[in-house]
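The values are calculated or read from the model by the stated rules, or taken from the named source; none is laboratory data. These numbers come from a predicted model, not from an experiment. Because the Cβ atoms are built from the backbone with ideal geometry, glycine has one as well, and the counts that use them run over all protein chains shown.
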Amino acid sequence: MHIGILQTGLAPDALKPQTGDYPGMFARLLDGHGLTFTTWVVCEGEMPAGIDAADGWLITGSKHGAYEDLPWIAPLEGFIRDVHAAGRPMIGICFGHQIIAQALGGRVEKFAGGWAVGNTTYQVDGKTYHMNAWHQDQVVQVPPGARVAGHSDFCANAALAYGDTIFTVQPHPEFNADFIEGLINTRGRGVVPDTLLHKATDGLNEPLDNAAMGDLLARFLKAGAHVSA
């Protein structure tokens, strides 16, 4: 199954030699499921010719806000609505979770409660997952027809399902401890409160359920495309 990665942000240059960029992280997360990948760097103006360019779609995280006035936001929202209307499978992570919600009638805003950073506990369809968070923005109004599939103590709408073809999560199952540590040092200091950065640093060695979430996301994509597991 061919997955189109819509890259909406870039990893910090200082971290790429060790961790790679976001498409590589997702390729590792979803490895072993018979998926192949092509990336369009949407945040630099690249867009697929149409929704038929891949069997399913994945929208990455980003340092940008879904509500920002950027030239690539509106085309991406239109693409999302086309994918949704056609019943193609799509998953969204963090910014991807937010922009899909916004494109389909929800609302995203900078959360008054502040940031979630580092290893965080989520409940997703009755199961517990420990995954890394890195966000202040949240989906604060769920789109019509979407089902809240997951939450944390900090984020009420941490996973959303749109029928059986679109599934999105606020946390980052593609982020390992090394990358979170790198974000703390390159993007966190002076932006995220020190107390949260210290707590995230203390939790770097705690176990993550990234592989389990990767399996869930891969199964969802394949089921949405009616591909045999």
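For M47, only one of the following conditions fails: (1) crowded, with 20+ Cβ neighbours inside 10 Å; (2) out of contact with any Gly (no Cβ under 8 Å at 6 or more places or on another chain). What is its number?
Just one mismatch for M47, condition (1).
Any idea which of T120, T128 is crowded, with 20+ Cβ neighbours inside 10 Å, of a type in the set (S, T, Y) and over 14 Å from the mean Cα position of the chain (by Cα)?
Details: T128 fails: crowded, with 20+ Cβ neighbours inside 10 Å.
Just a single option satisfies the conditions, and that option is T120.
Do the conditions hold for T60, that is, is it surrounded by fewer than 22 Cβ atoms within 10 Å (Cβ to Cβ) and among the hydroxyl-bearing types (S, T, Y)?
Working: surrounded by fewer than 22 Cβ atoms within 10 Å (Cβ to Cβ): no; among the hydroxyl-bearing types (S, T, Y): yes.
No: the conditions fail for T60.
Scan segment 98-105 and give yes if some residue there is out of contact with any Leu (no Cβ under 8 Å at 6 or more places or on another chain) and closer than 12 Å to Q7 by Cα, otherwise no. Spell out the reasoning first.
At the first step, the residues of segment 98-105 found to be out of contact with any Leu (no Cβ under 8 Å at 6 or more places or on another chain) are 98, 102, 104-105.
Imposing the further condition that a residue be closer than 12 Å to Q7 by Cα reduces the set to none.
The answer is no, given that none of the residues of segment 98-105 is out of contact with any Leu (no Cβ under 8 Å at 6 or more places or on another chain) and closer than 12 Å to Q7 by Cα.
Which condition number in (1) touching a helix residue (DSSP H, G or I) at 6+ places or on another chain (Cβ under 9 Å); (2) at pLDDT below 95; (3) not small (G, A, S) is the one that P17 fails?
(1)
Would you check which residues across segment 141-191 are within 21 Å of T60 (Cα to Cα) and among the β-branched types (V, I, T) and list them?
V142, V148, T165, I166, T168, V169, I180, I184, T186
Just to verify a result, which residue in segment 1-14, among those that are at pLDDT below 95 and of a type in the set (G, A, S), is nearest to M90 (Cα to Cα)?
Among residues in segment 1-14 that are at pLDDT below 95 and of a type in the set (G, A, S), the one nearest to M90 (Cα to Cα) is A11.
For segment 64-74, check the following and say yes or no: at least one residue is in contact with a helix residue (DSSP H, G or I) (Cβ under 8 Å, 6 or more places away or on another chain) and buried (at least 21 other Cβ atoms within 10 Å of the Cβ).
yes
Specify the residue that is modelled with the lowest pLDDT; the eligible residues are those in segment 216-227 that are hydrophobic (A, V, I, L, M, F, W, C) and in a helix (DSSP H, G or I).
A223
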